[in-house]
Structure formats: C-alpha cells, structure tokens
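First comes the structure, then the notes that go with it.
The values are calculated or read from the model by the stated rules, or taken from the named source; none is laboratory data. What you see is a predicted model, and the numbers here were worked out from it, not measured in a lab. Note: ideal-geometry Cβ built from the backbone for every residue, glycine included; neighbour counts use all protein chains shown. Protein only, heavy atoms only, side chains kept; ligands, DNA and RNA dropped before computing areas. Shrake-Rupley method; radii C 1.70, N 1.55, O 1.52, S 1.80 Å.
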Amino acid sequence: MKKFLKYSIASLVVIIALLMIIPAFISLDRYKSIVINQVRELTGRELQINGKMTFSLLPSPSITIKNIALSSVAGGHYPNLFEAKEITSSVTIFSLIRGKIDISEIRINNPIINLERLQNGSASWEFSSKTQNNLSSNTENGNRNKTDSSLAINLIKIIDRKVNYAD
C-alpha cells in the first residue's frame, strides 16, 4: 500500500509539473493573424495585437492577450474604439470535456473605451450593415444546426477602466 501511495504522489507531481511547463514551449503568436482576420470579418474593424498571446493550464486553462486595440469608425476623433493592456479569459475544465465553451472569467486590465457620435450621425460602437448581416446569418445558421457548440460567460471583470464619450 505504501508503494502505491508513493507512486501515486510521484505521478501527480509529474503531471502537475508538465501542466506548468508545457505552455512555456508553445507559442500562440502564430494565431494572431487568424484572430485579427476573424475580427475584421465579423466587425469590419481592424484589430491590433501588439503584445504576446500566452496560455496556461493551471489553475484553470486560460489565454492572455497583451496590448490589444480595436479600431474606431473612420473619421472619428479617437483612433480606437477599444484598447486594453491585457485581457485574460479562463475556461472551466469540465466544459472542455463536455465540448462546450464555458468561460468562467474574462478579466480586462486597463481598458480605454472611446465612444463617439460623428456629425453624420454614425456612432463608433455601431458596425456596418454588412457586419450585421454576417452576424445575423451566423445566428440563423446556428439556429438551424443544433450541433453548434454553445458559449457561456460567467463573469467579466474590468479593472482600472477609462471611458471617453464625445457627441
């Protein structure tokens, strides 16, 4: 019995060490262009990721993106609608096992949100009709196909925020 306990503890230590070390050898930076293209396709806006994208597996799986910005509407006073020094998203392990994405927390550090209405009546937080059509068709397709995975966000934390509004 003592041998079994000793090997069990040693195995647990090795597994935890691997879960801590593996993320250090895997770079997510090669996925930046994929994320940027997807955001452009969905929103019609340019996304900039000027920092690193990293992930960790412990204490829960999470992805961190540093120095991120989403462009504002053309002709706006502010060049970006949204900027943040760091965004971290954590998921629950059980949701990954079930095949559904259950985001336990999104933490946004030092965001700057620039909301403005232009003289022509358009607003920086409004997206083009093409974008809305893309989002609508994606939603309609999701309603027709019940096998699509679901997304749940349990908590969004915004730390040290700044919001600018110009009318």
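Add -39500 (n - 2.57) for each DSSP H run of 4 or more in the chain, then divide by its residues: what number comes out at 222 nm, to the nearest 500 deg cm²/dmol?
Working: 4 runs with 54 residues, N = 167.
Taking each H run of at least 4 residues, the total per residue is -10500 deg cm²/dmol.
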Working with all protein chains in place, sort E86, E116 by solvent-accessible area computed with a 1.4 Å probe, largest first. E86, E116
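If each residue of separation counts as 0.36 nm, what is the full-extension length gain between I158 and E46 once their alpha-carbon separation is subtracted? Kindly include the intermediate steps, with their values, before the conclusion.
Numbers: separation 112, 0.36 × 112 = 40.32 nm, distance 2.22 nm.
Extra length available between I158 and E46 comes to 38.1 nm.
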Net lengthening on full extension, I93/F55 (0.36 nm per residue, minus Cα-Cα): 12.3 nm
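Quick one: pull the percent of accessible area on the chain belonging to carbon and sulfur, 1.4 Å probe, ligands and nucleic acids left out.
Working: 7020 of 11670 Å².
Carbon and sulfur atoms account for 60 percent of the accessible area of the chain.
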Classify region 1-95: rounded, prolate or oblate, from the alpha-carbon gyration tensor (a ≥ b ≥ c, eigenvalue square roots; a/c under 1.5 rounded; otherwise prolate if a/b is larger than b/c)? prolate
Going toward the positive end of the dipole of the chain, with +1 on Lys and Arg Cβ and -1 on Asp and Glu Cβ, which of W125, S62, N109 do you reach last? S62
Show the residues, 5+ positions off or on another chain, whose built amide H is closer than 5 Å to the amide H of E46. S71
Can you work out D for the chain in µm² s⁻¹ from Stokes-Einstein, where Rh is the Kirkwood radius over C-alpha pairs, the temperature is 20 °C and the viscosity is 1.002 mPa s? 114 µm²/s
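Determine the sum of side-chain charges near I34: Lys and Arg each +1, Asp and Glu each -1, restricted to other residues whose C-beta is under 13 angstrom from that of I34. Walk me through the numbers before you get to the answer.
Numbers: positive: R30, K32, R40; negative: D29, E41.
Net local charge, I34 excluded: +1.
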To the nearest 10 Å², what's K6's accessible area with a 1.4 Å probe? 140 Å²
Between N120 and I63, what is 0.36 nm times their sequence separation minus the Cα-Cα distance? Round to one decimal in nm. 16.7 nm
For the chain, compute the number of Lys pairs whose alpha carbons are separated by less than 22 Å, excluding pairs fewer than 8 positions apart on the same chain. 13
